[in-house]
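Report on one structure; see the data block that follows.
The values are calculated or read from the model by the stated rules, or taken from the named source; none is laboratory data. None of these values were measured; they are calculated from a predicted model. All Cβ positions, glycine included, derive from the backbone under ideal geometry; neighbour counts span all protein chains shown. Remember, those area values only see protein heavy atoms, side chains included, never the ligands or the DNA or RNA. Shrake-Rupley method; radii C 1.70, N 1.55, O 1.52, S 1.80 Å.
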Amino acid sequence: MLTYPTWSSRQLVSATDLNQYLHDNTKQLTSPSALRVKGLDTLTSFSSRTPVKWDQIDFQRQGWSSSNMTKFKCPSAGTYFVTANFTFRPPSDMDGKKAAMLDAVVSTSAPNDDSTYDALKSLTTTKIIGSYVSVNTSGLVHIPEGFLLFAHVAGWGGTWTKPPSENASWSMNSLSAVQVAPDAKELGG
């Protein structure tokens, strides 16, 4: 959180007193809280809403943490630009007549609370048999300090699977959050 000092009118302020505000605030603005996780080697198939367990934290700044690689604790309140990208193969028993659907949901929750707030959602469909399908979602999400950030995927129309590919899973699947407004109390006015 940014810190704003108050001084009386025409008060003489020393460089030492002023420096802590300039240094700390500038550091927060130029090196904001950020997280990127990637890889879904542990998620091989699903046919209903499934929590995403990530393989590794690719990047984090300011102390993001997770006890289970599913939910990530936000170290600094503010508004974040959040993105989630997933690539899967549609059900192998598709006949090309009905569409299969894939959705992604990014959610937040308070620590030690089972209720969730679905902040971002995306849905895509396909009738193409044997293809790869990507679903992506992104947007602004307000995350209070200590709250948890996580994602779910859901496949409709059969069992969705991770694509066999020369590309590593992390190249097609990731979740990221970058703080864009450290002092925001909420989204909107």
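At 0.36 nm per residue, minus the direct Cα-Cα distance, what do ALA99 and THR16 gain on full extension? Give it in nm, one decimal, please.
Contour length minus Cα-Cα distance gives 23.4 nm.
Please work out how much length the chain gains when fully extended from GLU186 to LYS127, using 0.36 nm per residue of separation minus the C-alpha to C-alpha distance, in nm with one decimal. Let's see the in-between values first.
Numbers: separation 59, 0.36 × 59 = 21.24 nm, distance 3.95 nm.
So the chain would gain 17.3 nm between GLU186 and LYS127.
Counting only other residues whose beta carbon sits under 12 Å from that of THR44, what net charge do I get with K and R as +1, D and E as -1?
Details: positive: LYS53, ARG89, LYS162; negative: ASP41.
With Lys, Arg at +1 and Asp, Glu at -1, the net is +2.
What is the angle, in °, between the Cα long axis of helix 15-30 and the longest principal axis of the Cα atoms in the chain? Nearest 10 is fine, range 0 to 90. The helix 15-30 is inclined about 10 degrees to the chain. Summarising the amide proton neighbourhood of SER76: residues at separation of 5 or more, or on other chains, whose placed amide H is nearer than 5 Å comprise GLY146.
Of the candidates ALA119, ALA99, ALA77, which one comes out as most mobile in a Gaussian network treatment of the chain with C-alpha springs shorter than 10 Å? Ranking ALA119, ALA99, ALA77 by mean-square fluctuation puts ALA99 first. Just ILE143, ILE129, ILE57 to compare: in a GNM of the chain, with alpha carbon springs under 10 Å, which one fluctuates most? Of ILE143, ILE129, ILE57, the Gaussian network model singles out ILE129 as fluctuating most.
Rounded to whole numbers, the Karplus 3J(HN,Hα) couplings from phi for the range 129-140 are 6, x, 7, 9, 10, 10, 10, 9, 9, 7, x, 8 Hz, using 6.51 cos²θ - 1.76 cosθ + 1.60 with θ = phi - 60°, and x at Gly and Pro.
Over the range 74-189, give the accessible area per residue in Å² for a 1.4 Å probe, as an integer.
Values: 5540 Å² over 116 residues.
Accessible area per residue: 48 Å².
Across the chain, how large is the tail of the calculated P(r) beyond 22 Å, expressed as a percent of all Cα pairs? Walk me through the intermediate numbers first.
Values: 9407 of 17766 pairs.
So the portion of pairs separated by more than 22 Å is 53 percent.
Report Rg(Cα)/(2.2 N^0.38 Å) for the range 89-175, keeping two decimals. Spell out each step's value before the answer.
Working: Rg = 15.3 Å, N = 87, 2.2 N^0.38 = 12.0 Å.
So the range 89-175 has a normalised radius of gyration of 1.27.
Calculated mean residue ellipticity at 222 nm for the chain: -3000 deg cm²/dmol, from DSSP H runs with n ≥ 4 weighted as -39500 (n - 2.57), summed, divided by the residue count and rounded to 500. Restricting the calculation to Cα atoms, the range 118-160 yields a radius of gyration followed by a Dmax of 14.1, 44 Å. Radius of gyration (Cα atoms) of the range 51-110, expressed as a multiple of 2.2 N^0.38 Å: 1.54.
Coupling constants for the range 45-59 follow from the phi torsions by the Karplus curve (6.51 cos²θ - 1.76 cosθ + 1.60, θ = phi - 60°), and in residue order they are 7, 6, 9, 9, 4, 10, x, 8, 9, 8, 7, 7, 7, 7, 7 Hz; glycine and proline get x. The string of couplings for the range 86-94 from the Karplus curve (6.51, -1.76, 1.60, θ = phi - 60°) is 9, 10, 9, 9, x, x, 6, 8, 5 Hz, one whole number per residue in order, with x for Gly and Pro. Projecting label points 7 angstrom from Cα along Cα→Cβ for TRP7 and THR44 puts them 6.5 nm apart.
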